[in-house]
1. For the range 49-66, does any single residue satisfy the condition of being under 24 Å from residue 122 (Cβ atoms), assigned to a helix (DSSP H, G or I) and touching a residue at least 60 places away in the same chain (Cβ under 8 Å)?
2. If we scan the range 69-80, do we find a residue that is in contact with a strand residue (DSSP E or B) (Cβ under 6 Å, 6 or more places away or on another chain) and in contact (Cβ under 8 Å) with a residue 12 or more places away in the chain?
3. Looking only at helices (runs of 4 or more DSSP H) that fall completely inside the range 93-177, which ones have 3 or more residues that are touching a residue at least 60 places away in the same chain (Cβ under 8 Å)?
4. What are the residues in the range 85-102 that are surrounded by 18 or more Cβ atoms within 10 Å (Cβ to Cβ) and either assigned by TED's automatic domain parsing to the domain that holds residue 19 or closer than 11 Å to residue 182 by Cα (or both), if any?
5. Somewhere in the range 151-170, is a residue surrounded by fewer than 13 Cβ atoms within 10 Å (Cβ to Cβ) and over 19 Å from residue 78 (Cα atoms)?
6. Would it be correct to say that residue 26 is closer than 15 Å to residue 118 by Cβ, part of a helix (DSSP H, G or I) and free of Cβ contacts under 8 Å to residues at least 12 places away in the same chain?
7. Condition check: surrounded by 17 or more Cβ atoms within 10 Å (Cβ to Cβ) and touching a residue at least 40 places away in the same chain (Cβ under 8 Å). Does residue 184 satisfy that?
């Protein structure tokens, strides 16, 4: 791992634990094992570190989870819909960077409008938009009952977001949350999908 990567990793951990304002450049440098002036060889300052973290998390999320523009291969049946959904959930819940970023954003969303927008994107608009597109495409292929894709996307994603939040707050509940999410998505498929 490069020094730059170590700086980003330690900064994210500190931001998640102490908040953005509660973390200094000196603390980040200390955790990396370098002097603060050496950190400036890699970043202009704390905001530059934050911007790099956000860019990196966005890229990672797009690549491993998807988005409205990148929904991946359309599921062919209920089991594929369930499988791809659970893979996305597993990534979201278990990827260390994404977990720390979510913890950080949830903490900071009430202090900073930019963080509030990013949180809303990942916990509401982005996931809903992606599932709206997937469900709309599946309706058009005759795989889902004719209904409002936006409402269906809300119906499938909202409980998932709540169970992920529970697992974030109470890590011992992660397995329970995963089981409930799978049960919920399976039920959603049984109610709305045509096979």
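1. Yes, the range 49-66 has at least one match.
2. yes
3. Those helices (runs of 4 or more DSSP H) span 96-108, 126-140, 149-169.
4. Across the range 85-102, the qualifying residues are 85, 89.
5. For the range 151-170, residues surrounded by fewer than 13 Cβ atoms within 10 Å (Cβ to Cβ) and over 19 Å from residue 78 (Cα atoms): present.
6. No, not satisfied.
7. No.
The values are calculated or read from the model by the stated rules, or taken from the named source; none is laboratory data. Computed from a predicted structure; not experimentally measured. Positions of Cβ are generated from backbone atoms using ideal geometry, with glycine treated the same way; all protein chains shown enter the neighbour counts.
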